[in-house]
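Shown next, in structure tokens, is the structure this report addresses.
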Amino acid sequence: MQANTRAKSFITDFVRKIPPVLWITLLLITIFSMASDQYLKFSNFTNILVQSVPLMLVAFAQTLIVLTQGTDLSLGAQVSFVTVLWIYLTKAGLPIYIAAIISVVASMFVGSINGLIVSKGKIPPFIATLGMQNILNSISMLLTAGASIYIYHPLFYDVTKAKIIGIPLVVWITAFMFMVTWVVLYKTKLGAQIFGLGGNQEALTLAGINLVKPSIKIYAFAGLLTSVSGLITTCRLESGQPVVGAGWEFEAVAATLLGGTSLREGKGGIGGTIFGVLLITILKNGLNISGVPSLYQNAIIGLIILMSIVIDALARRMKSYEEGAKL
Amino acid sequence: MDNVILTTRAITKEFPGVKALDSVDFDLRSGEVHILVGENGAGKSTLSKVILGAYIPEGGEIYLGDEKVSFKSTRDALQRGIAAVYQEFTLIPYLNVAQNIFFNREPRNKYGLIDHKKMERDAKKLLESLNCDYINVKLPTKFLSVAEQQMVEIAKALSFNPRIMVFDEPTATLSEREVESLFRRIKKLKESGIGIIYVSHRMQEFKHIGDRITVLRDGKKIATVNIDEVNDMELVNMMVGRDISQVYHRSENHFTGEVLRTEKLSDKKGRVKEVDITLNKGEIVGIAGLVGAGRTELARLIFGIDPIGGGKLFIKGKEIKDNSPVKIVKEGVGMVCEDRKRMGLALNHSVMWNTVAVSLKSFFPKLLISHKKIVEIVTDYVKQLRVATPDIYRACKNLSGGNQQKVVLAKWLSANTDIMIFDEPTRGIDVGAKMEIYAMMDKLATEGKSILMISSELPEVIGMSDRIYIMNNGRIVGECKRGELSADQIGALMLGVGGDSCAS
Amino acid sequence: MKKVFLMAISLILVVAVLVGCGQSATNKPSESTAPSTSSEPAKSEEPKPSEKPLANSYWGDAPASEADSAPVPIDNLPTEGIGIQISTNVKANEKYKIAIIVKNTTNPFLLKSIAGTEKAAKDMGFECISLAPARQDSLEDQVKIIEDAIQQGVDGIILHPIDSNGIMPAIRKAEEANIPVACIGTPAAKQTFLRTGVDYKATGLLITHHVAEQIGKKGKIIILEGPPAAQNAQERLAGIKEALQSYPEIEVVASQTTNFKRTEGMQVTENLLQKYKDIDAIIACNDESALGAIQALKAAGLAGKVVIGSFDGNEDGSSAIKNGDMHVTYNTDPFGSTYLAAAYIVQYLNEGTMPPKYFVPFPSELQNPLITGANIDQYMSDIAWWR
Ligand SMILES: Nc1ncnc2c1ncn2[C@@H]1O[C@H](COP(=O)(O)OP(=O)(O)OP(=O)(O)O)[C@@H](O)[C@H]1O
Ligand SMILES: [Mg+2]
């Protein structure tokens, strides 16, 4: 091949390697910074990061599940449940840290039940987790009598306030959870099994792997991630909110898809999900900051998410088209 | 027998509606290649899977040496040193080659995490032993060609260092060169005392590597014989249970008018370079070449799966721009793919659904469809092609591999297409069915349909084609009419060493 | 690549156009009032921020529930009148940005709150930004909105908090940025710059006394409660019960929740009428449930025989008063409340003036908030907040 075409293909390759969600995000940032001079401030940058944290953790969990060709509809309810349980237990007199640990364990337990039903009961994840969502929601409601519950504790404030080299603690926590998830996905057996569950279950069976155990582990790990999201949300709202997570599972699916994870074949990863979540958060933040009336906001958000996913899908198709998938 | 390492006694296995294995006795000696043959659906894969612990038989016993075993899962079998290359696709698309080979027994580093470096090194070594060092171990298997994927499957099975190995049609997706590497490897395994069960439909392979041969028919064992005590015809007769005379048969035929033409057609990736071919009405044109010569890519290009990078494509005199499968199908072109699993069939759907899916519109141009008529049509094709299925409502994933291929054929035949592109049409199909497919191709040609056939089996290309193009490295390097060139001459051209191509 | 490119371009256009729209929409009021702001005194007269009292910590850290709820005399208010009549002579010294943040965009009460702020922006000459959670009644979204508003550099916030305690972290952030936060309706847990809107307990007292007079201080009544978990419903119920203590001859035969909904109001009343046929009065905790009760009464042939007291003075409630189905309701006036809040915020931003006290109930008993057959025509033509 001649040198100049190689150079050209190098550049186009490089450009093409940038996931579409990233340049859509950059595009939005450009537009918003033109619309408001307050936009491109460092404080708004940390603001966006902090705001993206709770959804980010849920989206990591959802990405893992989507990679196995499932969808977990109970993730949002798990977040609500954790916020409620933590406050409830603390109110009941348990030390706040113990209560937090119990909440995390409870959430992981809920996750493992999901995994058990899905794999052992062979119930489609969509249905199984929908049931779990309803159960969790009503437990949260029962614990709180439908309202939010509240307790005063300086920990909440400290957690949201704390910063390490200028970046809020909760962002560091999320970064850490990302690392953990990354390690699980790419450095452990379980990670390989996640791709296997999504890509070729037959292969797992022929390798003599019982599908129940990995499923339980995956859903339990998702429970861990959502519980951290729940704890952080509790700190952010300083209260237990029985409905706070409603609908997060769908936003998490949107972020997952935006991040390039596919609902089929176990294709994707969690790196892209970060940008999916940021895109959603940046969009909401930008619309608020440029003062777009809230009546339009939902429509805009829906439209842009939809279009981004379509663009992304198209771009990917072009890519595999051009690379002429060797097949 | 002295060195028998595996014996089965009266193995019986039933699936709803079929007795896949009926009291089968079988034995394997160390250091031998024991070939399993039989028509599609005869029970070869089922027997293999019983031995591998993937199926639990309803009756019968399995002995390893003198010890009776009963495997609950493939893991039990693996632990006893029995590994396999399955007929199924067992790779995970978005894990890389190394991860796939060492799936679920990944090497760990001192932190207990997967040691990718070591894994990739080991994977590389394994592939090198198969002469496949060109496969990038870091690439997700999704992006490998079918042949490369198959080599990875083989490497994966080898990585278990088994005492007994089962190969279920390992060469169905391989080209000559890879087949040779595999055979060399199998011979080495044999020398080291490993027992090998080898399932295949390719007669020419048997003599090459086989020691003994067991014939199955309809789930029953017909015979076990030494390979040099039997000739091809006897084998075929044992498999089919009836007399078979001539393999390739072509009727006298006249070609009228051109239906497909390409002018300097190229793709975007440089795998197809300035190809000029023509196809006439009623003609069978074969394309010979090694795997990787660009034959499949050419077919994909014509069928609209890949975009045109340069040159022109005419179908029935009309230039096709912006090619896409939808457009091409509308022009009356059908394609039977190389990779039937992923491109030809909806595996979870029934034989009936798959057969009529693309043709419903032509059978029922009005709004309503008639179930009765569909059943008639499908039953007819199932009979014609001798698809081994208890009924037409069976999900395709429950058919044997070869029978799935037949359903793909039925699909396009029922769609009443004028131009058929066959990419390896008889791969994994037993001899009996092969001849039926040949006869069908001949019949189609006399009916005025045109066929573009790609095949790695040279005898098939030579036997069936009216004209042959030879491809090498993305280009057409030769063309000849029926009977003009010998197999050796064509083979040389395929390798890119044959001098001038003959004028047509 | 072409298709992708086209899609991307159209995406840019959509976003740009919509953001542009948002800009112009919010700019409009300020444009029209530009002359008035420019004619205001020069900036130098404005006290330096350090001289201003701190907007949100001025009243100390006391819980909102302990606030003094005595009404402020009408003459001391910066505004005049209630409902859509409300007016003021306060003018903004600068084009302040004031955000009105509500709970959702479906409740007419909240929409009129926005309308009140928009009118205030026009009258006083500031820029009004209206925001609501993208997910209805989502506390988490409301917190984000407040954070974003702070980033945007708003000068003041008028807020309908979704949850008293849950909103506190966001309020504290505004506090740190010294942005005055005025809460309407449900207050934040701690005292902020201002709380206004009605005093729910006082509304309960007032309506109950009125109803008691109507039925001659004796008889059987039914109470239709609001959602048990909602703070405003609890306070209102407390007011009703407290008032009833002064009427020993009035017997509450049933007190059940209807969740502020018309359908539930109807069902619950239907069921109760099976058991209690001789009811003298029904006190419903909002107009919607009262309207449901009226339908049930009509179906049971009891229309007109039962005195009905309620709260809100919304459109259908007003009609019910006009045609005699309902006897009294309380004008809860979101329009005027936000207008008043805006006036206090502007006064503070102008010269650092704090409201006279933390909780300024509005409309209070001093503003003649009861709507009855006697004043319904005037209410509907001049005051009604829903117009
Ligand atoms: N999982 C299954 N469920 C139901 N029927 C099955 C299943 N697997 C195989 N069969 C049936 O059992 C019979 C034997 O199938 P098998 O796969 O062993 O054939 P085979 O000899 O390997 O054929 P081929 O050469 O086509 O691969 C066939 O009739 C097939 O339809
Ligand atoms: Mg088979």
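Accessible area buried by the pairing of B and A, both sides summed with a 1.4 Å probe, works out to roughly 3000 Å².
Taking a sphere under 15 Å around the Cβ of A:THR233 and counting the other residues whose Cβ falls inside, with K and R at +1 and D and E at -1, yields a net charge of -4.
Please find the FRET efficiency linking A:LYS41 to A:LEU295, where r is the Cβ-Cβ separation and R0 is fixed at 25 Å, and quote it to the nearest 0.05. Efficiency at R0 = 25 Å is approximately 0.40.
In chain A, the portion of solvent-accessible area held by carbon and sulfur atoms comes to 72 percent [1.4 Å probe, whole percent, DNA, RNA and ligands not counted].
Pop a pseudo-label 7 angstrom from the Cα along the beta-carbon direction at both C:ASN368 and A:TYR152 and give the gap in nm to one decimal. Result: 4.4 nm between the two label points. Which part of the stretch A:193-233 falls in the paramagnetic zone of A:PHE176, meaning amide N under 16 Å from the point 7 Å along Cα-to-beta-carbon? Residues passing the 16 Å test: A:224-233. Phi-derived couplings, Karplus 6.51 cos²θ - 1.76 cosθ + 1.60 at θ = phi - 60°, listed residue by residue for the stretch B:473-485: 6, x, 10, 7, 10, x, 8, 8, 7, 3, x, 6, 10 Hz, with x used for Gly and Pro. Shown here is the pair-distance distribution of the stretch B:342-416: with all Cα-Cα distances grouped in 5 Å bins from zero up to the longest one, the shares run 3, 18, 32, 25, 14, 6, 1, 0 percent. If you sort the three axes of the alpha carbon gyration tensor as a ≥ b ≥ c, you get a/c of 1.5 or more for chain C and a/b above b/c, which makes it prolate. The residues of the stretch A:178-194 listed by number as losing at least 10 Å² of accessible area in the complex, against the isolated chain and with a 1.4 Å probe, are A:VAL183, A:TYR186, A:LYS187, A:THR188, A:LYS189, A:ALA192, A:GLN193.
Counting protein heavy atoms only, chain C has 52 percent of its accessible area on carbon and sulfur, 1.4 angstrom probe. The stretch B:4-240 has equivalent-ellipsoid semi-axes of 30, 21, 16 Å, by the square roots of 5 times the alpha carbon gyration tensor eigenvalues, sorted largest first.
Of all the accessible heavy-atom surface of the stretch B:421-480, with the other protein chains kept in place and a 1.4 Å probe, what percent is carbon and sulfur?
54
Against the main long axis of the alpha-carbon atoms of chain B, helix B:116-129 sits at an angle near 80°. Per-residue ellipticity at 222 nm computed for the protein assembly as shown from its helices equals -15000 deg cm²/dmol, with DSSP H segments shorter than 4 residues left out and the rest contributing -39,500 (n - 2.57).
Give me the percent of Cα-Cα pairs in chain A that sit more than 34 Å apart, rounded to a whole number. Of the Cα pairs, 27 percent sit more than 34 Å apart. Averaged over its residues, the protein assembly as shown has an accessible area of 40 Å² per residue, based on protein heavy atoms and a 1.4 Å probe. Overall shape: rounded for the stretch C:200-331, with the ratio a/c of the largest to smallest alpha carbon gyration tensor axis below 1.5.
Each of the peptides B:384-390, B:51-57, B:134-140, C:202-208 was scored by the mean count of other Cβ atoms within 10 Å over its residues; in descending order, highest first, they stand as C:202-208, B:51-57, B:384-390, B:134-140.
A simple rule links phi to the HN-Hα coupling: the Karplus curve 6.51 cos²θ - 1.76 cosθ + 1.60 with θ = phi - 60°, which for the stretch B:389-403 gives 8, x, 7, 7, 8, 5, 5, 4, 5, 8, 8, 6, x, x, 5 Hz, with x for Gly and Pro. Excluding same-chain neighbours fewer than eight residues apart, the lysines reachable from A:LYS120 by a Cα-Cα span under 21 Å are A:LYS189, A:LYS213, A:LYS217, B:LYS72. In the stretch B:269-297, which residues give up 40 Å² or more of accessible area once the other protein chains are added, compared with their chain alone (1.4 Å probe)? At a threshold of 40 Å² (probe 1.4 Å), the residues of the stretch B:269-297 that become less exposed are B:LYS269, B:ARG271. Placing dummy labels 7 Å off each Cα toward the beta-carbon, the span from B:LEU139 to C:SER381 is 8.6 nm.
Sorted from greatest to least, the principal axis extents spanned by the alpha carbons of the stretch C:78-138 come out as 37, 25, 14 Å. The simple spin-label model puts a point 7 Å past each Cα toward its Cβ; for B:ILE56 and C:GLU351 those points are separated by 9.1 nm. Once the partner protein chains are put back, the stretch B:87-118 shows a loss of at least 50 square angstrom of accessible area, versus the chain by itself, at B:ILE92, B:TYR94, B:PHE103, B:ASN104, B:LEU113, B:ILE114 (probe 1.4 Å, ligands and nucleic acids excluded).
For B:SER129, put the label point 7 Å out on the Cα→Cβ axis and report which residues of the stretch B:167-192 keep their amide N under 17 Å from it. Of the residues in the stretch B:167-192, B:167, B:181-192 have backbone N under 17 Å from the label point off B:SER129. Rounded to the nearest 0.05, what FRET efficiency do B:LYS72 and B:ALA395 have when you use their Cβ-Cβ distance and R0 = 25 Å? Using R0 = 25 Å, I get an efficiency of 0.50.
Peptides B:367-379, C:53-65: what's the order by average Cβ count within 10 Å, highest mean first?
C:53-65, B:367-379
For B:GLY38, the residues whose modelled amide H falls within less than 5 Å of its own, excluding neighbours fewer than 5 places apart on the same chain, are B:LEU216. Put simply, chains A and C cover up around 4400 Å² of each other's accessible surface, both sides summed, when a 1.4 Å probe is used.
Mean partner shielding of peptide C:96-107, defined as the number of other chain Cβ atoms within 10 Å of each residue Cβ, is 1. Per-residue mean of foreign Cβ neighbours for C:228-234 is 2 (Cβ atoms of other chains, 10 Å radius). Springs join every pair of Cα atoms under 10 Å in this Gaussian network model of chain A, and among A:ASP158, A:ASP72, A:ASP312 the largest mean-square fluctuation is at A:ASP158. For C:ILE129, the residues whose amide H sits under 5 Å from its own are C:ILE98, C:ALA99, C:ILE100, ignoring neighbours fewer than 5 places away on the same chain, with H placed 1.01 Å from N. If you wrap the protein assembly as shown in the convex hull of its Cα atoms and look at it from every side, the mean projected area works out to 58.7 nm².
The values are calculated or read from the model by the stated rules, or taken from the named source; none is laboratory data. Everything numeric here is computed off the predicted structure, so don't read it as measured data. As a convention, Cβ positions derive from the backbone with ideal geometry for all residues, glycine included, and neighbour counts pool all protein chains shown. For accessibility, only protein heavy atoms count, side chains too; no ligands or nucleic acids. Shrake-Rupley method; radii C 1.70, N 1.55, O 1.52, S 1.80 Å.
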